Structure formats: structure tokens, C-alpha cells
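Structure first, commentary second.
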Number of protein chains: 2
Amino acid sequence: MTNARDPREIRRKCSRSIAGHHTQTLPQILHALADSVQPEETPDIYGQGKLINDFEAEVAQLLGKEAAVFMPSGTMCQQIALRIWTDRRHLPRVGFHPTAHLELHEFQAPQRLHGLQTVLIGSPYQLMTLKDLQAVKEPLGALLLELPQREIGGQLPTWEELIEIISWARERNIATHLDGARLWECKPYYQRDYAEIAGLFDTVYVSFYKSLGGISGAILAGPADVIEEARIWQRRQGGNLYQLYPYVLAARKGLAERLGHMEAYHEKAKAIAAALATFPQIEITPAVPQTHMMHVFIRGERGQLTEAALEVAEESGTWLFGAWPYADPRLSKVRALGW
Amino acid sequence: MTNARDPREIRRKCSRSIAGHHTQTLPQILHALADSVQPEETPDIYGQGKLINDFEAEVAQLLGKEAAVFMPSGTMCQQIALRIWTDRRHLPRVGFHPTAHLELHEFQAPQRLHGLQTVLIGSPYQLMTLKDLQAVKEPLGALLLELPQREIGGQLPTWEELIEIISWARERNIATHLDGARLWECKPYYQRDYAEIAGLFDTVYVSFYKSLGGISGAILAGPADVIEEARIWQRRQGGNLYQLYPYVLAARKGLAERLGHMEAYHEKAKAIAAALATFPQIEITPAVPQTHMMHVFIRGERGQLTEAALEVAEESGTWLFGAWPYADPRLSKVRALGW
């Protein structure tokens, strides 16, 4: 066992990857993008142009929404959606799961930038339930749901539970927004079109650099008037970039090449989970993956596990983990098969 | 004269361009970016990585600042700088020229997102003067200056006037921020290093997709603690993207290939201005260009001028204007030789 191992170097030499996409070099990615350009296509300018607007229309249709706008990040899409919905209801209060991206990864942006009050609903270790919502005693302007719930291994409520939650919100005139960062992964579980899933919500955000393998970038889709207003907020937040085409080209390529693989990814994830389940040192959340994401908990010493994973990669040419293993208070937790 | 002309098609066939860079196709741009990657370079991840951090350090040094952070847009850089400075002074009020980008192009983002009050200083048709500042009767947390002042043809104050303005602010503990979207163009006029010009200010923003021909993207440079705080705000505004490398690669390429040409661009702009000045139908602002930007006012009917410019382009292979001619209340105004 040596400390001189360079994980990135080892990963580059692997021919297979259990978690995430096989890595490509920067020149490979950029040459492939160049080759994906149609002869007549020209750069977008401040959000306008056939390339970007056609892609927005394609995704709007896929999601069954009137309109869509491409933005640099999901952080931007979601803050903007929540701001618009709460402005319209004159009620700057939003509810979401305690592990929502807005709560964990945005440094209180809803509060600091948009003056929103936030209500955390339910347990950080479980999906939000109708009962959790019924316990909320303050009026809400908007409710955000994340499908699948990334921080608990990509769990999904049943379709019936989802309908109950949405109905609860609609009865109270609470706008509903879907954090669909990994929405693409939900189709095998629900066995419904994306438009049907997104159709439950007033607005939906989707990402292109996770399962679809893009570079960065996101789309917010919803009613045409909301999307028009979102473009103003996009400018305000500094996201109406002079040119977004590298992200758009990569997103389009990822959608065309990978969206059809979600069922196969899910089947593979379930097979891997079943194989891992035979080891008493390993726990998986959820026990049967509902998407192609799962959380893998391994009992053991972190440094040793890390070295062992690198050894496996070197010997078998198979890369094991998505994020690098990190310690859990209870177990060594490895986030695998997803982001 | 025919209406069937396609300006973009005509431009593509031109071999020379008086205003802006010669246009390249998307595949040309992307293949060239791919070829500019060094063998060991890998993508940045959420603002971290040798490629992006080395470039930030290079620009920080060029500007004589402790630290720098790459962001998707200047809109983001500037709001963040002003927010940080005014937070530190517990005084949410900023002053800038009536044609500042923050006033004209950001839909009141300083007010709507950051709760800033704005004070417009001076005339929209002239540079801000010390007298204009002395007329401000409210305390300010920060003062933003734009060098050169884009909306009035890229005008610049003298070095002495600049020192007076900065001294006025410093004496009042007002933070100073430089909108250096076109700072690269100022060196021929001041005959001083960028570090000396930027050194007058507490923070500076520079852009990479104007004279330097990048795709999009900007850098905010300043004291290390301010830049660290700016990274938090960048996350909040949705600009801490998963990957920014297409913009970083294009910015680095533009800086390496074009920064040394600013003197030549300026000489050419002065020669063109002198030639245009012989026509009584044409007025130029400023009469002698101080950067390689100028505003060209042509007396005439807009449609006819547009057609004439296209005819010139078709016949001579030389593209004339940067932005497409637009009508001025007084004259037909053409923004040429810059953005």
C-alpha cells in the first residue's frame, strides 16, 4: 500500500465506471461539441438565437410546459421560480425539505437575495409526507419538492403520495415547484412520461450535467408569462450571459444520447444493489434503488476503504465511487451511482 | 436595392471588419479552444481546479490585486462587489454615472436583489466630474466608475481628474469599484500599466468577451478577504457553476492573443476617426478616440444607411459597424469600433 497514488490518474486509466460517466479529456469534449454543431447554427446572444431557443422549446415540450428558459445554473432557476410565485401571492414564504439544495448549498440565498422566509418540512432522513405538510401551521406562497430526493439516496414518493401532496398545496393556493435536477432518473420508477410528472407542478427545473453528462446549465419551464418574467430575473442575477452556447450544445448532446438509457441505468443500479446487499458490512439506501442513485454505507476505516477502492480500480480497471468516500458519524458513507 | 439581403450572411463573407472581431463559426471556435488545452489540464469543479485558479491568479497579478474570482458575468461581479462594500460600511447606498450598466441594463437588480439605494451622479452625456461628486449631499457606501465610459463613446477622464475623484471618495471612506468591462482598452491613453490604473480602486471587474474576443465571463479582483466573500455571493446568485472551463479557456486565449494589440487598435481607431471627420454628414464622439471605441453619428435616413452599409460590405468585403445602426432622436447613431 502506498500513498503515492493519484486518484485522478487511476480514474483516467479505468475503462469502466460504476458511478458517473466515463471521464473524457477536455479536448475530447470540446471537439465533440464542435462536431455536434449544425452548419447553419450561430452563437446565441443574450439568450436569443435559434440554437438556444429551439432547445428551450424542445425541453418545454418534453416537460409539457408552455415555455422554458435556459440558465447557467439550477440555483438561479429555483430562486427565480420561488421569487416569482411568492411575489404573485404577496406571500414571501416557501416550504421545502430540510435537505433541499436551497437549504444546504446556497448560503441562505433565498433569505439574503430574495427576502424569502423558509419553512423546513419533514425529516431530513425521510421523504416529505402529507402528514408533515398538515403540521405546517403558517401559510405558504410556494412549495418545492425534489424528485428524486438526492440527499437520501434518490428516494421517490409513490405516485399516489405525490398526488396527495400536490392536492394539499393546490387546495391552499400554494404554487408548486419541482426541483427536477435528477428528474430524468424518475421515469423508470413512475413509468410515466416526463410531461405527466412535470405536469403536476406549476414550474419545473431540470439539469443537464448530471445523468445527461453536460458541462453546466439548467432549464426552468412553466407558463409562458412566468418564463418571460424569469428572463428578467435571470438578467438581474447575472445569468443572462452574452453567450451560453457551450452549455446548450453539451445539454442538447446529452439529452439526445443519454435520455433513452435511464431504464438501463436503473436496472443496472438494482443489480449492483442486490449484489452489494449480500455483504454484511454494507448498507444501501434505499434498499431497492428507485432511480439509478443509491447511498452506500460501508462499515470500516475510511483510509483503508479509500485505498482498497483505488486498488480495485487499478487491478480491475473499474472505477467504484461517484463522490470520494467521506466519513459518516455512524458509517463510512459513499455516495455512489449518482451525484 | 433589395430587401432580400441577409446581414449575417453578408458579414460572414466579409474578409475584414472595422468594428469587432472577424466572426468565426462555432466549430472553428470550439476546435481552437480544444487545441489550447494543456495536456494535464482537467475541468474545474465549482470554481476549484488548476485551470481556473491559475487564470484567476494571472489576472489578479496583471491588475495588481491580491486575489481574483472568475464569474459568468460582469453583472454578477459588480452587484457582489457593491453589496460587500456597502455591507461593510453599514450603508446600502451606491453612486454611479447615469449610464452605468447597473442603471441601464440590470432591471433594478441593485434595488430588487440587494436592497441598495442608488444615486446617479453627473450628466448622462458627459463624464462624471469632481464637481458632480461635490454636489452629492448624501453619504455613500461605494462609488462605481466606468473606464472607459461606454455609453458616451468610450471617453476617459485624465489621470489627474481620476486621482481627484478617487481622493474625494477616499477622504469620505467611500469604497471605490472600477467597472473595467473595457479596461483593456485604456492603456494606450493613460500609458500606465493595468495594475497602476486598477490600483486606484478597491475592487475591479474586467470582461473577456469584448476586445479580448472570449465567449462570456468576467473576473472580480481585489483584497483576498473580499474575494473570499465574493465567492459566497457568487454561489448565492447562482454563478458558482459546476464547470466554467469553456469560458476560462476562451478568456485565457483572448488575453494571450489580443492584449498586446490594444495600442494598434487605438492607432487604427484614431486614423479611421480622422478619415471620417472629413465628411460633414458625420460626427464622432469623442472627436479623437481615447480608446479604440467611438460613437459615429451619421446624418441620414436609417433604412438607406443600413442598405448602403450592406452594399459597401458586399462590394468591398469590409464590415462596417459593430452594433446594427439604430435611430437617434437627433441623428442616426451607429456604435462602431466597440461594444
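Across peptide B:203-215, how many C-beta atoms of other chains are within 10 Å of each residue C-beta, on average? Mind showing how you got there, number by number?
Details: counts 0, 0, 0, 0, 1, 1, 3, 1, 0, 0, 0, 2, 7.
The mean count of partner-chain Cβ atoms within 10 Å per residue comes to 1.
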**Message:** Take B:N53 and B:E257, extend 7 Å from each Cα along the Cα→Cβ direction, and tell me the distance between the two endpoints in nm.
**Reply:** 2.8
**Complete:** Note on chain B: contact order normalised by length, alpha-carbon pairs under 8 Å, 6 or more apart, percent, works out to 23
**Asked** Could you give the nm distance between label points at A:Q38 and A:Q117, where each point is 7 Å from its Cα heading toward the beta carbon?
**Response** 4.9
**Asked** If each of B:R5 and A:A287 carries a label point 7 Å out from its Cα toward its Cβ, how far apart are those two points in nm?
**Response** 7.4
**Message:** At most 14 other C-beta atoms within 10 Å and a DSSP loop state: those are the exposed GluC sites (Glu not before Pro) I care about. Give me the longest piece of chain B that has none.
**Reply:** B:67-300
**Sum of side-chain charges, A:P188 neighbourhood, beta-carbon under 15 Å (Lys, Arg +1; Asp, Glu -1)** = +1
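How far, in nm, would the chain grow between B:R302 and B:Q24 when pulled straight, counting 0.36 nm per residue and subtracting the alpha carbon separation? Write out the running numbers ahead of the final one.
Values: separation 278, 0.36 × 278 = 100.08 nm, distance 2.79 nm.
The B:R302-B:Q24 span can extend by a further 97.3 nm.
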**Request:** Run a plain Debye calculation on the range B:69-167 (Cα atoms as equal point scatterers, no solvent) and give log10 I(q)/I(0) at q = 0.11, 0.13, 0.18 Å⁻¹, rounded to two decimals, same order as the q list.
**Result:** -0.32, -0.45, -0.88
**Complete:** With Cα springs under 10 Å, the Gaussian network model of chain B assigns the largest mean-square fluctuation among B:Q117, B:Q155, B:Q290 to B:Q117
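For the protein assembly as shown, report the % of Cα-Cα distances exceeding 35 Å.
On the way: 109132 of 229503 pairs.
Summing the P(r) tail past 35 Å for the protein assembly as shown gives 48 percent.
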**Request:** Would you mind estimating how fast the range B:1-51 diffuses translationally, via Stokes-Einstein at 25 °C and 0.890 mPa s with the Kirkwood radius over Cα pairs, in µm²/s?
**Result:** 169
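Count, for each residue of B:288-300, the Cβ atoms from other chains sitting within 10 Å of its Cβ, then give me the mean as a whole number.
Working: counts 0, 0, 0, 0, 0, 0, 0, 0, 0, 0, 0, 0, 0.
Counting other chains' Cβ atoms within 10 Å and averaging over B:288-300 gives 0.
What does the charge add up to near B:V226, with Lys and Arg as +1, Asp and Glu as -1, over the other residues with Cβ less than 14 Å from its Cβ? Kindly include the intermediate steps, with their values, before the conclusion.
Values: positive: B:K65, B:R83, B:R88, B:R89, B:R231; negative: B:E56, B:E66, B:D87, B:D202, B:D225, B:E228, B:E229.
Result for the neighbourhood of B:V226: -2.
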**Request:** State, in angstrom, two size descriptors of the range A:118-243 derived from its alpha carbons: Rg to one decimal place and Dmax to the nearest whole number.
**Result:** 15.3, 46
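Based on the Cβ-Cβ distance of B:E161 and A:E66, what FRET efficiency does E = 1/(1 + (r/R0)^6) give at R0 = 45 Å, to the nearest 0.05?
Values: r = 52 Å, r/R0 = 1.17.
Between B:E161 and A:E66 the formula returns 0.30.
Report the extension gain between A:E196 and A:F107 in nm, rounded to one decimal, defined as 0.36 nm multiplied by the number of residues separating them, less their alpha carbon distance. Please list the in-between numbers first.
Values: separation 89, 0.36 × 89 = 32.04 nm, distance 3.27 nm.
Contour length minus Cα-Cα distance gives 28.8 nm.
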**Tensor-based shape of chain A (alpha-carbon gyration tensor, a/c under 1.5 rounded, otherwise prolate or oblate)** = oblate
**Prompt:** For A:A273, what is the net charge nearby, where nearby means another residue's Cβ is under 13 Å from its Cβ and Lys, Arg count +1, Asp, Glu -1?
**Reply:** 0
**Request:** Would you look at the GNM of chain B, springs on alpha carbons closer than 10 Å, and say which of B:D35, B:D87, B:D193 moves the most?
**Result:** B:D35
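Need one value for B:105-115: mean number of C-beta atoms belonging to other chains within 10 Å of its residues' C-beta atoms. Working shown, then result.
Working: counts 3, 6, 7, 2, 7, 1, 1, 7, 11, 3, 3.
Averaged over the peptide's residues, the number is 5.
Which semi-axis lengths, in whole Å and largest first, follow from the square roots of five times the eigenvalues of the Cα gyration tensor of the range A:18-135?
Working: eigenvalues 242, 84, 41 Å².
Output for the range A:18-135: semi-axes of 35, 20, 14 Å.
No lab work stands behind these numbers, since they all come straight from the coordinates. Just so it is clear, the structure is predicted and the values come from calculations on it, not from any experiment. For neighbour counting, all protein chains shown are included, and Cβ atoms are generated from backbone atoms with ideal geometry for every residue, glycine included.
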